[in-house]
Amino acid sequence: MSTPTQIFVNLPVKNIERSRAFFSALGYSFNPQFSNDSALSMIVSDTIYVMLLAEPFFQTFTAKPIADASESTEVLVCLSCASRSEVDALVAKALAAGGTAPRAPQDHGFMYGHGFEDPDGHIWELVYMEPGAVPPAA
């Protein structure tokens, strides 16, 4: 039996405690084994983690300059949701916690999406797709 692949998305943040407060308000928790004053290991699921790294610590992993997510977009993080209402509820929590909604919800009938920007400007897309709406690949 093989171990499922895990993903660790690494994002630079300006303020660790502000990020902790924001994502805690959305209902996420953090693994204390990999969290300190320079990093937060946010648990999204059993196989998805987001490493929120203070910019000086993030910089130790790359010689390239850190993109300012409030000015440019390098990545869009997209998470699936179990329902349209879960998409809307998570966006509402993000807005209440100080995030912004960069665009209106997108309703394509079989697929519904919306998203938010976190306090550092990273864009989080949320999507719900009707089960069975997309035929299997040939």
Search result, residues across the stretch 45-54 that are exposed (fewer than 14 other Cβ atoms within 10 Å of the Cβ) and under 11 Å from SER19 (Cβ atoms) | none
Within the stretch 21-32, count every residue that is touching a residue at least 24 places away in the same chain (Cβ under 8 Å) and either of a type in the set (D, E, K, R) or more than 13 Å from TYR49 (Cα to Cα) (or both).
-> 5
Has the stretch 8-17 got any residue that is part of a helix (DSSP H, G or I) and surrounded by 14 or more Cβ atoms within 10 Å (Cβ to Cβ)?
-> yes
Mind listing whichever residues of the stretch 78-128 are out of contact with any Gly (no Cβ under 8 Å at 6 or more places or on another chain) and among the aromatic types (Phe, Trp, Tyr)?
-> PHE110, TYR112
Sole exception among (1) more than 17 Å from the chain's Cα centre (by Cα); (2) surrounded by 11 or more Cβ atoms within 10 Å (Cβ to Cβ) for MET42, by number | (1)
How about the stretch 56-85: which of its residues are surrounded by 14 or more Cβ atoms within 10 Å (Cβ to Cβ) and among the charged types (D, E, K, R)?
-> ARG84
Checked the stretch 18-42 for anything among the hydrophobic types (A, V, I, L, M, F, W, C) and outside any loop (DSSP other than H, G, I, E, B); matches are ALA21, PHE22, PHE23, ALA25, PHE30, PHE34, ALA39, LEU40, MET42
The condition of being assigned by TED's automatic domain parsing to the domain that holds GLN6 and either modelled with pLDDT under 95 or under 25 Å from PRO4 (Cβ atoms) (or both) holds, among VAL87, VAL50, VAL77, VAL134, only for VAL50
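The values are calculated or read from the model by the stated rules, or taken from the named source; none is laboratory data. Quantities reported herein were computed from a predicted structural model and do not represent experimental measurements. Quick reminder, even Gly has a Cβ in these numbers, built from the backbone with ideal geometry, and neighbours come from all protein chains shown.
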